[in-house]
Amino acid sequence: MAQDSSVVGCIGRIIVATRGQSGPGEVLISYRGGSEALIAWSAQPLKRGTSVLVINDRGTRTVDVSEWNDPLRPFQDEDY
């Protein structure tokens, strides 16, 4: 299956913890007008609920992710 580079740059949330180089987890991203769960690899273990950025698409619904601290998050939580 060809790589789909359009997922690179998507922000998601870990739904199954990753184990770093010991094994993948799962990430939920907003994509194509909905949400999709993908297999997620990371350099270091990431716990469930961690916000991540997709940094590489390995193909076959598998991506590399990195922890992401969204600079806009404080504003998204405010009520207007």
Out of (1) of a type in the set (S, T, N, Q); (2) within 10 Å of the chain's Cα centre (by Cα); (3) surrounded by fewer than 14 Cβ atoms within 10 Å (Cβ to Cβ), the one residue 60 does not meet is (2)
Scanning region 1-59 residue by residue, those among the charged types (D, E, K, R) and over 23 Å from residue 72 (Cα atoms) turn out to be 4, 19, 26, 57, 58
Scanning region 27-48 for residues that are at pLDDT 95 or above and small (Gly, Ala, Ser) gives 37, 40, 42, 43
For residue 48, the lone unmet condition from (1) closer than 14 Å to residue 63 by Cβ; (2) not in a strand (DSSP E or B) is (1)
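The values are calculated or read from the model by the stated rules, or taken from the named source; none is laboratory data. Owing to the predicted nature of the structure, the values given are computational and were not obtained by experimental measurement. Don't worry about glycine lacking a Cβ; one is built from the backbone with ideal geometry, like all the others, and counts go over all protein chains shown.
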